[in-house]
Amino acid sequence: MSNIGSYDERVNNFNWDIAEKELDFKPGNMINIGWYCSDRICRMGKSGKTALIWEGSAGNEKRYTYDDLRLNSNTIGHFLRSLGIMPGERVCLFMDKIPELYIGFLGILKMGAIAQPLFSAFGDESLFVRLDNAQTTAIITQKKHAPKVRKIMDKMPYLKHMIIVDADPGKPLPEREVAFDMERAEKIDRFELHPTYAETASVLHYTSGTTGQPKGVKHVHYSLISQYLTAKWVLDLQESDIYWCTADPGWVTGTSYGIMGAFSNGVTQCVLDAGFSADNWYRFIEKHKVSMWYSAPTAIRSLMKAGDEVIKKYDLSTLRHLASVGEPLNSEAVIWSEKVFGKPFLDTYWQTETGSIMITNFPGMKIKPGSMGKPFPGITATVIDAETFEPFAEPGKIGLIAIRPGWPSMMRTYWNNETTYQNKFRNGWYLPGDRSSIDKEGYFWFVGRDDDVINTGGHLVSPFEVESALLEHPAVAESAVVAKPDFVNMEVVKAFVTLKPGFTGSKDLDLDIMNFVRKKLSPLAMPQEIEFIDNLPKTRSGKIMRRILHAKEWGEEIGDTSTLEND
Ligand code: WT7
């Protein structure tokens, strides 16, 4: 029997009280995610249960029980407090998927600061704009990533501490840098939690939009109510599960379900801190007897590409339940997974701003391959007309996804950007910025985004950020960045570039520009293709018309070009 039982019954009798009661939370009382994910599980008699099995790229392994999680997060919280870091300040986690990332996250929350996770592959420019926006006080990182921080340290007077978790013992560190060794530090058994409440800020995740710099999505401790219950009902976490969430906590899936949803449910989870290969992933599932697997369409399509033969080499019979998030999960991938693993990947839809799963397929529900499923109980979601902002009277029409605000893990604002936050609402609906239709049976069918943001392999990339980086390259005069179709990643970044006088397009220049963006921003944001052109299509007012370039890439009708400059 799945945790959710009957979907229809849950929808009809739903109230978020269900989660509050299960978590013994009473409105007005303290709620601290760090405590719920470690101390509380210990109090329930599971202090010796394995919480985290970590495997590094060399196959080396580390294990942590719930009591280890409790002690080590206390220890990190205590250390941050002893540095003088105050509740409410932003503490950035800038690490590979190492245990210190997962446990440090809990430690930051326990001492009342705000956790700001950033993807460790970010280059110095991506890092700087996000730390600068949040006026981050401390950053926890590894030796190998420290040089990227040092490069921008002078521009960040507010950044008081760089904490290095694997510093060479005895080697003196420059000013503002300090070593912290989680394994060796004296363990703090009793830690006085900072009194955090439902509306106390917890996590700040940065996400990209079409225009402007990335936005800091502010979440609060009360979000746990949503993360706990969605993890229980959608991911169907059971006492005996070995759960594998493949996402990196630099992104929201890796925190909402790789930390908060998982540990608050007291499950055993494993983490693979190594690059992707089909062999290595299947081996990992076999070795750790993974039973619940939460992954992403790009990974699934990469596995499809690797073929079915490699699957036969491994025993994957422990897999019980599979789910996916981040980008459209095409019906072929669902059908394929049913064929090779004996169960379909269930598509789940949500975003950084929603903090938890919004529209989804459930265990036990009829699956329509290619559909995102139905709203989570307690979530009122529909599709509205983009002009009137009213829901359609009949099924099948394509419009904007619209969700009634008010669920526990809804973002509370964009950091220092209340105007952009307010702009996400129309007619009493929160608009995630995606287009969909709903069929007669209430299933949602994703159509596309309603903006120019590129979703490459489940990661959002802002064309604005890439264009800004390109403009800093000495050869580039102007640029326009759009998505280009790709079998595995669905979309990849393509840049159209006009060159400054004296430069001519060549393979070398191509590579040089690509590397320039990769180092500044990240490998995800790096254009996979650069096309040198003489003129970019522009409106009469001089705005670059990405739409035209996008349509060309996707072989679509160009549409209305009446505002084009040279028509
Ligand atoms: C955007 C959010 C939620 C965790 C990872 C991404 C797209 C997300 C699906 C899906 C089609 C999806 C949307 C959404 N997206 N899930 N199941 N089917 N598209 O979080 O970086 O905030 O991206 O990803 O466009 O708005 P994010």
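Odds and ends about this structure:
- Each of GLU332 and GLU553 was given a label point 7 Å from its Cα along the Cα-to-Cβ line. The distance between the two points is 2.0 nm.
- Annotation for the range 165-251: GluC sites (Glu not before Pro) lying in DSSP loop with at most 12 further Cβ atoms inside 10 Å of their Cβ are GLU175, GLU183, GLU186, GLU192, GLU199, GLU239.
- Cα-derived Rg over Rh, computed across the range 454-554 with Rh taken as Kirkwood radius: 0.94
- For ASP248, residues with placed amide H under 5 Å, excluding near neighbours: GLY254
- Taking GluC sites (Glu not before Pro) across the range 263-335, the ones in a DSSP loop with at most 12 further Cβ atoms lying within 10 angstrom of their Cβ are GLU309.
- Amide H within-cut-off set for GLU177, under 5 Å, with H built and near neighbours excluded: MET162
- Close amide H pairs (under 5 Å, H built 1.01 Å from N) link HIS205 with VAL217, HIS219, residues at least 5 positions away or on another chain.
- Average accessible surface area per residue within the range 1-92, 1.4 Å rolling probe, Å²: 46 Å²
- Stretchable slack from SER57 to PHE503, in nm (0.36 nm times residue separation minus alpha-carbon distance): 156.3 nm
- With every protein chain in place, the chain: carbon and sulfur % of accessible area (1.4 Å): 51 percent
- Solvent-accessible area of ARG404, all protein chains in place: 100 Å² (probe radius 1.4 Å, heavy atoms, ligands and nucleic acids excluded).
- 11 Å cut-off, amide nitrogen to a point 7 angstrom out along ALA306 Cα→Cβ, residues in the range 236-264: none
- The spacing between the range 114-179 and the range 357-416, judged by their C-alpha centroids, is 38 Å.
- From the C-alpha gyration tensor of the range 204-243, square roots of 5λ in Å: 30, 13, 8
- Tensor-based shape of the range 268-325 (alpha-carbon gyration tensor, a/c under 1.5 rounded, otherwise prolate or oblate): rounded
- Computed lengthening from ASP24 to LYS519, 0.36 nm per intervening residue step minus Cα-Cα distance: 173.5 nm
- Within the straight-line cut-off of under 16 Å between alpha carbons, the aspartates and glutamates reachable from LYS187 are ASP39, ASP67, ASP68, GLU100, sequence neighbours fewer than 8 places apart in one chain being disregarded.
- For the range 449-532, the solvent-accessible area of protein heavy atoms averages 41 Å² per residue (probe radius 1.4 Å; ligands and nucleic acids excluded).
- Using the Karplus relation 6.51 cos²θ - 1.76 cosθ + 1.60 with θ = phi - 60°, the per-residue 3J(HN,Hα) values for the range 437-449 come to 10, 10, 8, 4, 8, x, 7, 8, 10, 5, 10, x, 7 Hz, with x marking Gly and Pro.
- Rounded if a/c under 1.5, otherwise prolate or oblate - the range 1-148, Cα gyration tensor axes: prolate
- Using a simple spin-label model with pseudo-atoms 7 Å out from Cα toward Cβ, ILE398 and SER2 lie 2.9 nm apart.
- In a DSSP loop and with at most 14 other Cβ atoms within 10 Å, the chymotrypsin sites (Phe, Trp or Tyr not before Pro) in the range 501-559 are TRP554.
- Cα-centred dipole magnitude for the range 454-554, charges only on beta-carbon of K, R (+1) and D, E (-1), debye, nearest 20: 320 debye
- Both radii come from the Cα set of the range 272-383: Rg as radius of gyration, Rh as Kirkwood radius; their ratio Rg/Rh reads 0.98.
- MRE, 222 nm, helices only [DSSP H, n ≥ 4, -39500 (n - 2.57), over the chain, to nearest 500]: -7500 deg cm²/dmol
- In Å², nearest 10: area of ILE18 left accessible to a 1.4 Å probe: 40 Å²
- Shape of the range 358-438, Cα gyration tensor, a/c cut at 1.5: oblate
- Estimated inter-spin distance, TYR314 and LEU83, nm [label 7 Å along Cα→Cβ]: 3.6 nm
- The chain: Cα Rg divided by the 2.2 N^0.38 Å rule of thumb: 0.96
- DSSP finds beta bridges in the range 303-409, and of those with both partners inside it, around 70 percent are antiparallel.
- Exceeding the 29 Å Cα-Cα cut-off - candidates LYS155/LYS519; LYS287/LYS519; LYS49/LYS305; LYS46/LYS97: LYS287/LYS519; LYS49/LYS305
- Vicinal HN-Hα couplings computed from phi for the range 99-105 (Karplus, 6.51 cos²θ - 1.76 cosθ + 1.60; Hz; Gly/Pro x): x, 4, 5, 5, 7, x, 4
- For the range 344-436, the solvent-accessible area with a 1.4 angstrom probe is 37 square angstrom per residue.
- Residue ranking by accessible heavy-atom surface, 1.4 Å probe, largest first, among THR230, THR200, THR388 comes out as THR388, THR200, THR230.
- Gain on full extension, evaluated as 0.36 nm per residue between LEU511 and ASP279 minus their Cα-Cα distance, stands at 80.5 nm.
The values are calculated or read from the model by the stated rules, or taken from the named source; none is laboratory data. Quick caveat: nothing in here was measured; it's all calculated off a predicted structure. Counting neighbours? That spans all protein chains shown, and the Cβs are built from the backbone with ideal geometry, glycine included. These area figures cover heavy atoms from the full protein model, side chains too; ligands, DNA and RNA do not enter into them. Shrake-Rupley method; radii C 1.70, N 1.55, O 1.52, S 1.80 Å.
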